[in-house]
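Please read the structure below before turning to the comments.
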Amino acid sequence: MSESKAKKIEIKDVDGQTLSKLIDYIYTAEIEVTEENVQVLLPAASLLQLMDVRQNCCDFLQSQLHPTNCLGIRAFADVHTCTDLLQQANAYAALSRGDARRRIS
């Protein structure tokens, strides 16, 4: 790889704050996933092949599933190939539709 000989490497699509959090994770094995950072953290973790961080992000999003956000989380999971999260969001959306139909009837 040409990067191994370069003095400076540009990492596209990852902002400095997110990269800093991921570097801290590499050294400490600790990271805080929040509503504010999960949407940038998950793709950056995928890019850098930090699968534990990626899984933490998916687990966090799964814990946040709600009728008001299940379709958005479903779309995000689909784009980022988070298959377990996608299945959970699909199931949640199906349950939410069923509840809505019962309320309308």
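Throughout, read-outs are computed from the coordinates displayed, never taken from laboratory work. Computed from a prediction, not measured in an experiment: that's the story for all the values here. Cβ atoms come from the backbone with ideal geometry, glycine included; neighbour counts cover every protein chain shown.
Of the chymotrypsin sites (Phe, Trp or Tyr not before Pro) found in region 4-105, not one falls in a DSSP loop while having at most 14 other beta-carbon atoms within 10 Å.
Extension gain Gln49-Gln64, at 0.36 nm per residue separation less the Cα-Cα distance, in nm?
Between Gln49 and Gln64, full extension yields an extra 3.0 nm.
Volume per residue of the convex hull around the Cα atoms, evaluated for region 9-51, comes out as 73 Å³.
Report relative contact order for the chain in percent, whole number only (criteria: Cα-Cα under 8 Å, sequence separation at least 6).
This gives 17 percent for the chain.
Computed over the Cα atoms, what is the radius of gyration of the chain divided by 2.2 N^0.38 Å, N being its residue count? Working it through for the chain, the quotient is 1.33. Label-to-label distance for Glu32 and Lys12 is 3.3 nm, based on points extended 7 Å past Cα in the beta-carbon direction.
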